[in-house]
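Q: First the structure, then my questions, so here it is.
Each value in this text was obtained by applying a stated rule to the coordinates, not by laboratory testing. Model, not experiment: these values are computed from the prediction. Cβ sites come from the backbone with ideal geometry, for glycine too, and all protein chains shown count toward neighbours.
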There are 2 protein chains.
Amino acid sequence: MPAKLIILGAGSALPTRSNFPTSQLLELRDKQYMIDCGEGTQIRMRQMGLKINRLGHIFISHLHGDHCFGLIGLISSFGMLNRTADLYIHGPFGITKLFESQIAFFCENLPYKVIFEEFDTRSNVMIFEDRSVTVFSIPLKHRVPCSGFLFNEKARDRHINREMINFYKVPVAQLNLIKAGADFITPDGELVPNERLTTAADKTVSYAYCSDTAYHEKVIPIIKGVDLLYHEATFAESEKVRAKSTMHSTATQAATIALKADVGKLLIGHFSARYADQQLLLDEAKSVYSNTLLAQDMCLYEF
Amino acid sequence: MPAKLIILGAGSALPTRSNFPTSQLLELRDKQYMIDCGEGTQIRMRQMGLKINRLGHIFISHLHGDHCFGLIGLISSFGMLNRTADLYIHGPFGITKLFESQIAFFCENLPYKVIFEEFDTRSNVMIFEDRSVTVFSIPLKHRVPCSGFLFNEKARDRHINREMINFYKVPVAQLNLIKAGADFITPDGELVPNERLTTAADKTVSYAYCSDTAYHEKVIPIIKGVDLLYHEATFAESEKVRAKSTMHSTATQAATIALKADVGKLLIGHFSARYADQQLLLDEAKSVYSNTLLAQDMCLYEF
């Protein structure tokens, strides 16, 4: 099953007719991970009929409203829907204090726990891992402390060669080890190399999220070769000066990062409300890096 | 020009495909007044292409999230749009403390002032007036302090009878007084009664908003005879017990209030997410009070 990225909001600070503020849902193996949670995130999920009972972790890039004003509504609704599983929110220093008082006031008797995990947006470190992924912070260059996120899927199991497993009479209890790459030793002491018992695991995927940020080449070694890069492209080239002063990127700059980091595919988003038609942004990005897509609200991108 | 009520959200706590949480915009004469501001209010306004530069006052009924989670986003966006006019937010005790810290953190250097005016939701008193309206609180019966709002349009100017004004050579400087109902005394000392100089003013309108509330007959004398009543109708009759325990109303109860208060028209809203088709709620209300309409997101109701 390929990884899926669902865009809940591809807009920036001011919502438009077609773009909600930033939020997205990454589906990887059997898990969901949310990245940013702008106002209306839960509304978009409802509009799409999304089930998000596999969501355990939300990653907040920075504490600007268009990336986190939807948190309190989502947390509150989870309570009304009788969620019981812990919800982890990973975000910059200060996020706990900001939201804990709101939760205390608005979400009495939540039937589940909200656990904030703060991290230093200035370091490129692993901030989370589970059975399926590791997540690294990506220091970005914005007006407030801001971090992107690098999702690296962990190695998948190798595929069992059923015929050979039967031939060597490998006990069921050892199958998980074999899938993980172990060799097998028969009761007679014969070593059967793993390659004879399995075929290669499916390819793993990687995803990098870089928003909000000015053009920042320091991210390149961190995101090198990812399968999919989401990079903000708030402005067109004609607004390059404004992009710099507000610490955002142009579509061309996003594409330059994608090109230099040799990524598989680039998805641009976080569009300024001034672009009712975002084709211009796509055209500008494509002139630098052809394998570029436009992020659109409620669209699904497989990779 | 008739008064206009624009429904931005007719839903309740959980948003649905078609209903955002509660918010509405009342347009009266040359002014706009917002009532409640659930998550996504600014998004709905964008979707409708609404201009809200005549909005100076927001009235918050109670501090449940589905009635106020949209405030911080709206306040923040007004800042980005370089609003300069003061914005008044009228709400229950405690609203200032809740939102001032958020504003301080998220809305640095706002180019306009946000002024909170708290009121006691337990009293039926005038909480606001301007040239066009008076607004009274309506104590409601809910799980937290909660108030409805009664908007009474002030008397309009009488219409000038141009022929008679010319005949009596009424000076321009006195026309405003004449429109307001004053008699005129000619230079010769003759008293010209106002009725000879003017015709009757247009009818004024009144609007009452009652949400959230259990069935509560004490509102009846307060809202007696209003032109339009918005009353919450969270549940159908089959959920009467749940309505009582959560301190909400059924559609039948909303209609009973409308009937007993002899209102012009009833608009029901604040529908539970369980009713994908709200026709049942409308049918139940109409069986008690036929002049009932269903509030729908992004619809306009003139009265």
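Q: Of (1) in contact (Cβ under 8 Å) with a residue 60 or more places away in the chain; (2) farther than 24 Å from B:Pro92 by Cα; (3) surrounded by 19 or more Cβ atoms within 10 Å (Cβ to Cβ), B:Ala276 satisfies all except one. Which?
A: (3)
Q: Pick from the range B:78-93 the residues that are within 13 Å of another protein chain (Cβ to nearest Cβ) and free of Cβ contacts under 8 Å to residues at least 40 places away in the same chain: which of them is surrounded by the most Cβ atoms within 10 Å (Cβ to Cβ)?
A: My answer is B:Phe78.
Q: Which one is nearest to the chain's Cα centre (by Cα) among residues in the range A:154-173 that are within 27 Å of A:Thr134 (Cα to Cα) and loosely packed, with under 14 Cβ neighbours inside 10 Å?
A: A:Lys154
Q: A further question on this structure: Condition check: in contact with a Ser or Thr (Cβ under 8 Å, 6 or more places away or on another chain) and aliphatic (A, V, I, L, M). Does B:Ile138 satisfy that?
A: yes
Q: Please pick out the residue among B:Ser123, B:Ser101, B:Ser147, B:Ser137 that is surrounded by fewer than 18 Cβ atoms within 10 Å (Cβ to Cβ), away from chain A (no Cβ under 14 Å) and small (Gly, Ala, Ser).
A: Exactly one residue qualifies, and that residue is B:Ser123.
Q: Out of the residues in the range B:36-57 meeting the condition of being within 17 Å of B:Val114 (Cβ to Cβ) and crowded, with 24+ Cβ neighbours inside 10 Å, tell me which one is nearest to the other protein chains (Cβ to nearest Cβ).
A: B:Gln42
Q: With the condition kept exactly as written, say whether any residue in the range A:7-27 is of a type in the set (Lys, Arg), within 14 Å of chain B (Cβ to nearest Cβ) and surrounded by fewer than 24 Cβ atoms within 10 Å (Cβ to Cβ).
A: Scanning the range A:7-27, I find at least one residue that is of a type in the set (Lys, Arg), within 14 Å of chain B (Cβ to nearest Cβ) and surrounded by fewer than 24 Cβ atoms within 10 Å (Cβ to Cβ), so the answer is yes.
Q: Look at A:Ala285 and say whether it is crowded, with 18+ Cβ neighbours inside 10 Å, touching a residue at least 24 places away in the same chain (Cβ under 8 Å) and among the hydrophobic types (A, V, I, L, M, F, W, C).
A: Considered against the rule, which asks whether it is crowded, with 18+ Cβ neighbours inside 10 Å, touching a residue at least 24 places away in the same chain (Cβ under 8 Å) and among the hydrophobic types (A, V, I, L, M, F, W, C), A:Ala285 comes out as yes.
Q: Can you name the condition, by its number, that A:Ile75 falls short on among (1) away from chain B (no Cβ under 12 Å); (2) over 19 Å from the mean Cα position of the chain (by Cα)?
A: It fails just one condition, (1).
Q: Hey, among A:Ala200, A:Ala155, which residue is of a type outside the set (D, E, K, R) and in contact with a strand residue (DSSP E or B) (Cβ under 9 Å, 6 or more places away or on another chain)?
A: Testing whether each residue is of a type outside the set (D, E, K, R) and in contact with a strand residue (DSSP E or B) (Cβ under 9 Å, 6 or more places away or on another chain) leaves just A:Ala200.
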